[in-house]
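Undergrad: Let me begin by handing over the structure; questions about it come next.
The values are calculated or read from the model by the stated rules, or taken from the named source; none is laboratory data. Quick caveat, the model's predicted, so the values are computed rather than measured. Quick reminder, even Gly has a Cβ in these numbers, built from the backbone with ideal geometry, and neighbours come from all protein chains shown.
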């Protein structure tokens, strides 16, 4: 049951990203100092002001990103959950696989994203 | 107090890596199916057999890796903790910064690593 709720929160992250919906993205995150986000190839952003600003900037871009999620595994441990998954980018960025680790925390019954770490897989290394 | 114990477990990860000490690395990890590791540029490895094998392979290489850890932040939530930090590689790989997210779980009073996700920062993006 918890796994399903976490997977649902995770799904909403990608829906918000695909729709470039900053309100939905903001609603999903824990808007705190411990919010942490590492976009592919970026330095780590810490704190909701930095993280939120990055989504604002990304959503201004004309590139439309679509995700096909594979290899998704969810672990729930108390009020913390993490998902390991692959983001397979479709469309203009097609062919790129991004290894991802997302952390959610539960507060007042709702799961909020607190960490997102995404990194491109370089085929030459694998 | 918990933060210090987690930071200590995290320090032992980097000591084991620098010493190429597979026994110490094995002792630190949760040797389970949910162990997850993403080395820089690699696809995600899941399960201790894959993760352990990757350290065995890495530790066979003649490259000596030294880490200078910066921007380290620890969050403890019940029996789960995560650290966000930068690995600054010294020596032959000098000048590379690797954004990292490590997750630890507490079992029988000891903190074990269960996720390690490391990705190179590309200066051009930041």
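Undergrad: Could you grab me the full set of residues in segment A:89-107 that are within 9 Å of chain B (Cβ to nearest Cβ) and within 19 Å of residue B:44 (Cα to Cα)?
TA: As a first pass, look at segment A:89-107 and keep what is within 9 Å of chain B (Cβ to nearest Cβ): A:97, A:99-101, A:103, A:105.
Listed by number, the residues that qualify are A:97, A:99, A:100, A:101, A:103.
Undergrad: Now for a different question. Check whether at least one residue in segment B:72-83 is in contact with a strand residue (DSSP E or B) (Cβ under 6 Å, 6 or more places away or on another chain), closer than 24 Å to residue A:122 by Cα and at pLDDT 95 or above, and report yes or no.
TA: The initial filter retains those residues of segment B:72-83 that are in contact with a strand residue (DSSP E or B) (Cβ under 6 Å, 6 or more places away or on another chain), namely B:72-75, B:77, B:79-83.
With the extra rule that they be closer than 24 Å to residue A:122 by Cα, the set shrinks to none.
Checked against the condition, which is being in contact with a strand residue (DSSP E or B) (Cβ under 6 Å, 6 or more places away or on another chain), closer than 24 Å to residue A:122 by Cα and at pLDDT 95 or above, segment B:72-83 yields no hits at all.
Undergrad: Moving on to the next point. What's the total number of residues in segment B:108-121 that are more than 10 Å from every other protein chain (Cβ to nearest Cβ) and under 19 Å from residue B:75 (Cα atoms)? Full working, then the answer.
TA: Going residue by residue through segment B:108-121, those that are more than 10 Å from every other protein chain (Cβ to nearest Cβ) are B:108-113.
Imposing the further condition that a residue be under 19 Å from residue B:75 (Cα atoms) reduces the set to B:109-113.
Residues meeting the conditions: 5.
Undergrad: Follow-up. For segment B:1-14, give me each residue that is surrounded by 14 or more Cβ atoms within 10 Å (Cβ to Cβ) and within 13 Å of the chain's Cα centre (by Cα).
TA: Let us first name the residues in segment B:1-14 that are surrounded by 14 or more Cβ atoms within 10 Å (Cβ to Cβ), namely B:2, B:5-7, B:9-10, B:12-14.
Listed by number, the residues that qualify are B:6, B:7, B:9, B:10, B:12, B:13, B:14.
Undergrad: Which numbered condition trips up residue A:104, out of (1) surrounded by fewer than 23 Cβ atoms within 10 Å (Cβ to Cβ); (2) farther than 15 Å from residue A:38 by Cβ; (3) touching a residue at least 60 places away in the same chain (Cβ under 8 Å)?
TA: (1)
Undergrad: Still on this structure, please answer the following. Quick one: residue A:86 ticks every box in (1) closer than 23 Å to residue B:40 by Cβ; (2) free of Cβ contacts under 8 Å to residues at least 12 places away in the same chain bar one, so which box is it?
TA: (2)
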